[in-house]
1. Out of the stretch 46-76, which residues are in a loop (DSSP other than H, G, I, E, B) and either of a type in the set (G, A, S) or open to solvent by 30 Å² or more (accessible area, probe 1.4 Å) (or both)?
2. For M21, which of the numbered conditions (1) at pLDDT 95 or above; (2) more than 30 Å from the chain's Cα centre (by Cα) fails to hold?
3. Any chance you could count how many residues in the stretch 116-141 are open to solvent by less than 80 Å² (accessible area, probe 1.4 Å) and either assigned to a helix (DSSP H, G or I) or charged (D, E, K, R) (or both)?
4. Six or more apart or on different chains, Cβ atoms under 8 Å: show the pairs whose first residue is in the stretch 27-45 and farther than 21 Å from H11 by Cβ and open to solvent by 30 Å² or more (accessible area, probe 1.4 Å) and whose second is part of a helix (DSSP H, G or I) and not polar (S, T, N, Q).
Amino acid sequence: EHGICGHVLKHKTPYHCTNYMQDQGFMHDSGIDLAIAEEGVCSLLGAPLMVGNHCIGILCVCDRQPRSHEPWEISMLSTLAAQAAIAIENARLFQETQVALQRASEANALLHRQTAEIADAAEAHEQMTKLAARGGTVTDILQMVALLLDGEIALLNEAEQLTHHAP
């Protein structure tokens, strides 16, 4: 609520002053006043960056000389602030869209991987069922599992001795 920016933010309307330090239309803050003085700023014109009913920032024009701002200048800065707010909001929405698309792409890739895994499991189940129905032996089952997993299978007995091996 301090300084011109605080006033613009609170009221969501443009504000201008010819001499910042002498203007009593807003609350002063010693820290802000010090920064304004150190920069040598005298007159200011600020307009809100509005997105809907929300002020997302303020566009300010500062001058080191006392200066009154004409209505057309206030209108021009307000128009520029409105365009800047639209550009900022569009950039934010674009970024949100990019994040949502990335998440959707990742979810789609995960779904494809899971679908492939389910299809592989269904195929393995079908092959194992056919093998069992044909009366396949333990060695036949081990060889099929090794083939499906593209690896080797070792079957150990209770004494941890190799009883069957399938390359």
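The values are calculated or read from the model by the stated rules, or taken from the named source; none is laboratory data. Nothing here was measured: the structure is a model prediction, and the numbers come from that model. We place every Cβ from the backbone using ideal geometry, glycine too, and count neighbours over all the protein chains shown. Heavy atoms of the whole protein, side chains included, go into the accessibility calculation; ligands, DNA and RNA do not. Shrake-Rupley method; radii C 1.70, N 1.55, O 1.52, S 1.80 Å.
1. Residues satisfying the conditions are G52, N53, R64, Q65, P66, R67, S68, E70.
2. Condition (1) is where M21 drops out.
3. So the answer is 14.
4. Every condition considered, the pairs that remain are A37/M21.
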